[in-house]
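Participant: One structure is given below, represented as structure tokens, and several questions about it will come after.
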Amino acid sequence: MPMTDQGGTPSATPPGADAGASPDAVRFEGVGLTYATARGPVRALADITLGVPRGHFVSIVGPSGCGKSSLLMLTAGLRSCTEGRVLIGATPVSGPQADNGIVFQNDTLLDWRSALDNVLLQVELRRLPKARYRQRATDLLHSVGLAGFEHSRPYELSGGMRQRIAICRALIHDPHLLLMDEPFGALDALTRDQMMCDLQALWLEQRKTVLFVTHSIPEAIFLSDRVVVMTSRPGQIDKIIDIALPRPRELHMTTEPEFNSYVSVIRQVFERRGVLKDEREQNPARP
Amino acid sequence: MTEPKLTRTASRQRIESFAYPAAALLLAIAGWELVILIFNIQAYLLPSPAAVYSALTGQWSYLASESVPTIEEVLLGFAVATVVGISIAVAIVTWRPFEKAVYPLLVASQEVPQIAFAPLLLVWFGFGLTSKVIIAFLIAFFPIVVNASAGMRSVPSEMLDLAHSTQASGFTILRKIRFPFALPNIFTGLKIGVTFAVIGAVAVRPVWPPKILNATSLVLFTVLAVLGFTGSAGTDRWVATWAAAGVGLVMGLVILALIPLMPFTEQFARLSTPQAYWSSPTFKQINRVLSLAWGVALLGVGASRVVAVAINGHTTRRLPDLLLGLAIPGLILIYMIKFSKSYPDRVTHQSPAEAPTEAPAK
């Protein structure tokens, strides 16, 4: 894999990061994933080595089919890798984990449960004492702006509100690791911007380790301490970029030169790898 | 300002939702009565609504007391089908080896119409409650299994990923997610199942000797219903295209094949003719001719519809389809109804020696 500056070592320590003994909350060590299909084996992930430092917000950005979601599934213990290993702290992942929360692109709420009961589903499935978490669920819903909607059903709420409930559900049992798989992918542009700001506020307050998968470059830069750029066939890490923008970041920063220089660095990776083509390359005959 | 208007609309909608079907029902009954009056259709072919009503009121206590065991059989069969059906669906969804072992057998078993087992069950369990509950169960449980397992399978994969990520047990996931998720499908299955249970329980009622016409049409109806409810979209289309033609051909053939044993009209004629005349040559001849004519007529109706379907594939013009699929069968049937009425009179008038034979009508 040429032209990469891959590395799992934590660099510039972001504000609030825990300086514990093991700096990485999650480590991928030479992870590969090969599917057996009818037309032979397909390599979805190859040679992924990456560290996610405790308390950091790390985004994985890449084109569809680059295996970025698979990486999350491996971390959650919902799939097993075929090469290498995934470590949570010092323990290799061998199945579903007690200490994480997942948010998917679809809110996956249950229509027959109220907002509050949807948040508490996580508690019920994990067989935790429900009564003890009721207050926390209410507080979480309040903190994401859903005060007064505790007893609404998902179908009465907008897409953004539903996704907020899903985020609360992922946080209710206070996990150290939050896994997010394109959580804003199904939302409209304005709602996405708002969700981005709100997620940052939530993260600044709780300082969870977040592994965030997206195909939006600005979203990744805005939210992250570190952006992992992946390319496909097979899915591999092309570049890891630390984002040194000050926090809290505000929406107007997305149009400033410093922000845009990060955007162009990531764009260049995709252009070089043929994920993005501009018009001149597509029509070389033109002047 | 807007609220009174809204409530008025709502109440109006309520009235309309009741009034329109009621009006349609009244129209249908009026049309039924009218058709019988205009074409002078015999009661043994199609009784009038008034006759049905008077039979209903006249024999009310008899009908009511006879309904009790039927309802018992239906409900028992349906209850067993529900419990067994949902249990099997749960096993299919949660335990892959079971699915692989049982599901193909289940589908294959449905290729045989369960009504075909009815005589066997009657022999094994007698005319009592058991045989009817079993057949009601056999017919009702398949749609319940299919719909319940389809519903429990329709849970989005992300939802299941979420559930598995919490280290929840299979049973917890079933109870909290799969089962509630499948409820709409489960109720669809129950809705079909209860209808089938009624068919099953009624089909095995000991009406002896069974009327050829009733038995044949019941079997055909059941086969078509099972195909329609449980088959794929392709089967559905096939049934919709060929059912009318197929029913005509099969009924015609069955009627013709049974003439040497028992002409179907004779069964009806016996109801209205004193037993003394049952063995008279005129009575036999009338019914043989009538059954033969009906058998040929139904074959003709079926054949005409086969041609209609065949032509339909080759032309977009509606006329041949209307003519062959509707007009010709209609004319054949109208002619046959007239013939059934006039033929016995003609025969009995020709041979006054046997005048008392008034078959098949009153």
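The values are calculated or read from the model by the stated rules, or taken from the named source; none is laboratory data. Since the structure is predicted, the reported quantities are computational estimates derived from the model, not experimental observations. Here the Cβ is made from the backbone with ideal geometry for all residues, glycine too, and neighbour counts use every protein chain on show. These accessible areas exclude ligands, DNA and RNA; they are computed on the full protein's heavy atoms, side chains included. Shrake-Rupley method; radii C 1.70, N 1.55, O 1.52, S 1.80 Å.
Participant: Among (1) open to solvent by 40 Å² or more (accessible area, probe 1.4 Å); (2) modelled with pLDDT of 80 or more; (3) not in a helix (DSSP H, G or I), where does B:Val112 come up short?
Facilitator: Going through (1) open to solvent by 40 Å² or more (accessible area, probe 1.4 Å); (2) modelled with pLDDT of 80 or more; (3) not in a helix (DSSP H, G or I) one by one, B:Val112 breaks only (2).
Participant: To continue, here is another question. Go through segment A:169-186 and give me each residue that's of a type in the set (D, E, K, R) and crowded, with 23+ Cβ neighbours inside 10 Å.
Facilitator: A:Arg169, A:Asp181
Participant: What about A:Ala166, is it open to solvent by 50 Å² or more (accessible area, probe 1.4 Å) and closer than 19 Å to A:Ser69 by Cβ? Before the answer, list the steps.
Facilitator: Values: open to solvent by 50 Å² or more (accessible area, probe 1.4 Å): no; closer than 19 Å to A:Ser69 by Cβ: yes.
For A:Ala166, the condition - open to solvent by 50 Å² or more (accessible area, probe 1.4 Å) and closer than 19 Å to A:Ser69 by Cβ - is not met.
Participant: State whether one or more residues within segment A:207-214 are touching a residue at least 60 places away in the same chain (Cβ under 8 Å), in contact with a Leu (Cβ under 9 Å, 6 or more places away or on another chain) and over 15 Å from A:Pro53 (Cα atoms). Give the derivation first.
Facilitator: At the first step, the residues of segment A:207-214 found to be touching a residue at least 60 places away in the same chain (Cβ under 8 Å) are A:207-214.
After this cut, where a residue has to be in contact with a Leu (Cβ under 9 Å, 6 or more places away or on another chain) as well, the list is A:208-214.
Narrowing the set further to residues that are over 15 Å from A:Pro53 (Cα atoms) leaves A:213-214.
Scanning segment A:207-214 turns up at least one residue that is touching a residue at least 60 places away in the same chain (Cβ under 8 Å), in contact with a Leu (Cβ under 9 Å, 6 or more places away or on another chain) and over 15 Å from A:Pro53 (Cα atoms).
Participant: Please go through segment A:179-220 and pick out each residue that is at pLDDT 90 or above, assigned to a helix (DSSP H, G or I) and touching a strand residue (DSSP E or B) at 6+ places or on another chain (Cβ under 9 Å).
Facilitator: A:Leu199, A:Gln200, A:Trp203, A:Ile217, A:Glu219, A:Ala220
Participant: Sticking with this one: Filter segment A:215-265 down to the residues that are free of Cβ contacts under 8 Å to residues at least 60 places away in the same chain and among the polar types (S, T, N, Q), then identify the one that is nearest to A:Gly67 (Cα to Cα).
Facilitator: A:Ser264
Participant: Could you check, for segment B:128-144, whether at least one of its residues is within 14 Å of chain A (Cβ to nearest Cβ) and not in a helix (DSSP H, G or I)?
Facilitator: No, segment B:128-144 has no match at all.
Participant: Another question about this same structure. Hey, could you check segment A:87-108 for residues that are more than 8 Å from every other protein chain (Cβ to nearest Cβ) and closer than 24 Å to A:Asp188 by Cβ and say which is farthest from the chain's Cα centre (by Cα)?
Facilitator: Among residues in segment A:87-108 that are more than 8 Å from every other protein chain (Cβ to nearest Cβ) and closer than 24 Å to A:Asp188 by Cβ, the one farthest from the chain's Cα centre (by Cα) is A:Asp107.
Participant: Where in segment B:148-252 are the helices (runs of 4 or more DSSP H), entirely inside, with at least 3 residues that are more than 14 Å from chain A (Cβ to nearest Cβ), open to solvent by less than 20 Å² (accessible area, probe 1.4 Å) and at pLDDT 85 or above?
Facilitator: So the answer is B:179-203.
Participant: Do you know which residues across segment B:298-315 are aliphatic (A, V, I, L, M), under 30 Å from B:Arg270 (Cβ atoms) and surrounded by fewer than 21 Cβ atoms within 10 Å (Cβ to Cβ)?
Facilitator: The one that is aliphatic (A, V, I, L, M), under 30 Å from B:Arg270 (Cβ atoms) and surrounded by fewer than 21 Cβ atoms within 10 Å (Cβ to Cβ): B:Leu299.
Participant: Let me ask you something else. Take the residues in segment B:266-284 that are among the polar types (S, T, N, Q) and surrounded by 15 or more Cβ atoms within 10 Å (Cβ to Cβ); name whichever of them is farthest from B:Thr348 (Cα to Cα).
Facilitator: The extreme case among them is B:Gln267.
Participant: Taking interchain pairs and intrachain pairs at least six residues apart, which have beta carbon atoms under 6 angstrom, with the first residue in segment B:44-57 and in a helix (DSSP H, G or I) and modelled with pLDDT of 85 or more and the second aromatic (Phe, Trp, Tyr) and open to solvent by 50 Å² or more (accessible area, probe 1.4 Å)?
Facilitator: B:Pro49/B:Trp32
Participant: In segment B:310-336, what residues are in contact with a helix residue (DSSP H, G or I) (Cβ under 7 Å, 6 or more places away or on another chain), at pLDDT below 80 and not acidic (Asp, Glu)?
Facilitator: Correct list: B:Ile311, B:Asn312, B:Pro320, B:Leu324, B:Gly325.
Participant: For segment B:62-96, name all the residues that are open to solvent by less than 80 Å² (accessible area, probe 1.4 Å) and among the hydroxyl-bearing types (Ser, Thr, Tyr).
Facilitator: B:Ser65, B:Ser67, B:Thr70, B:Thr82, B:Ser87, B:Thr94, listed by residue number.
Participant: Only residues that are at pLDDT 90 or above and over 20 Å from A:Val265 (Cβ atoms): list them for segment A:48-68, please.
Facilitator: Passing the criteria: A:Ile48, A:Thr49, A:Gly51, A:Val52, A:Pro53, A:Arg54, A:Gly55.
Participant: Is there a residue in segment A:142-155 that is aliphatic (A, V, I, L, M) and within 14 Å of chain B (Cβ to nearest Cβ)?
Facilitator: Looking only at segment A:142-155, we keep the residues that are aliphatic (A, V, I, L, M), and these are A:144, A:146-147.
So of that shortlist, the ones also within 14 Å of chain B (Cβ to nearest Cβ) come out as none.
Within segment A:142-155 (the criterion being aliphatic (A, V, I, L, M) and within 14 Å of chain B (Cβ to nearest Cβ)), the answer is no, since none of the residues qualifies.
Participant: A follow-up question, please. So in segment A:69-103, with the set limited to residues that are part of a helix (DSSP H, G or I) and open to solvent by less than 10 Å² (accessible area, probe 1.4 Å), which one is nearest to A:Arg54 (Cα to Cα)?
Facilitator: Only one residue tops the list, namely A:Thr75.
Participant: Need the failing condition index for A:Glu29 against (1) in contact with a Ser or Thr (Cβ under 7 Å, 6 or more places away or on another chain); (2) at pLDDT below 90; (3) acidic (Asp, Glu), just the number.
Facilitator: (2)
Participant: Just to be sure I understand, how many residues within segment B:257-297 are among the charged types (D, E, K, R) and closer than 18 Å to B:Ala215 by Cα?
Facilitator: Qualifying residue count for the region: 2.
Participant: Is it true that some residue in segment A:133-140 is in contact with a helix residue (DSSP H, G or I) (Cβ under 6 Å, 6 or more places away or on another chain), on the phi > 0 side of the Ramachandran plot and within 14 Å of chain B (Cβ to nearest Cβ)? Full working, then the answer.
Facilitator: Taking segment A:133-140 and keeping what is in contact with a helix residue (DSSP H, G or I) (Cβ under 6 Å, 6 or more places away or on another chain), we get A:133, A:137, A:140.
Next, from what is left, pick out any that are on the phi > 0 side of the Ramachandran plot: none.
No, segment A:133-140 contains no residue that is in contact with a helix residue (DSSP H, G or I) (Cβ under 6 Å, 6 or more places away or on another chain), on the phi > 0 side of the Ramachandran plot and within 14 Å of chain B (Cβ to nearest Cβ).
Participant: Give me the residue from segment A:109-131 that is open to solvent by 20 Å² or more (accessible area, probe 1.4 Å) and either more than 8 Å from chain B (Cβ to nearest Cβ) or among the acidic types (Asp, Glu) (or both) and, out of that set, farthest from B:Met159 (Cα to Cα).
Facilitator: Only one residue tops the list, namely A:Ala131.
Participant: Collect the residues in segment A:224-275 that are touching a Lys or Arg at 6+ places or on another chain (Cβ under 6 Å) and either of a type in the set (Val, Ile, Thr) or at pLDDT 90 or above (or both), keeping them in residue-number order.
Facilitator: Scanning segment A:224-275 gives A:Val229, A:Met230, A:Thr231, A:Asp242, A:Val269.
Participant: One residue is enough: does segment B:12-29 have a residue meeting the conditions open to solvent by 60 Å² or more (accessible area, probe 1.4 Å), hydroxyl-bearing (Ser, Thr, Tyr), on the phi < 0 side of the Ramachandran plot and in a helix (DSSP H, G or I)?
Facilitator: Checked segment B:12-29: at least one residue is open to solvent by 60 Å² or more (accessible area, probe 1.4 Å), hydroxyl-bearing (Ser, Thr, Tyr), on the phi < 0 side of the Ramachandran plot and in a helix (DSSP H, G or I).
Each row is one residue, and each column tells you yes or no for (1) touching a helix residue (DSSP H, G or I) at 6+ places or on another chain (Cβ under 7 Å); (2) within 14 Å of another protein chain (Cβ to nearest Cβ).
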residue	(1), (2)
A:Glu29	no, no
A:Ala36	no, no
A:Gly40	no, no
A:Ser59	yes, no
A:Gly65	no, no
A:Ser69	no, yes
A:Ala76	yes, yes
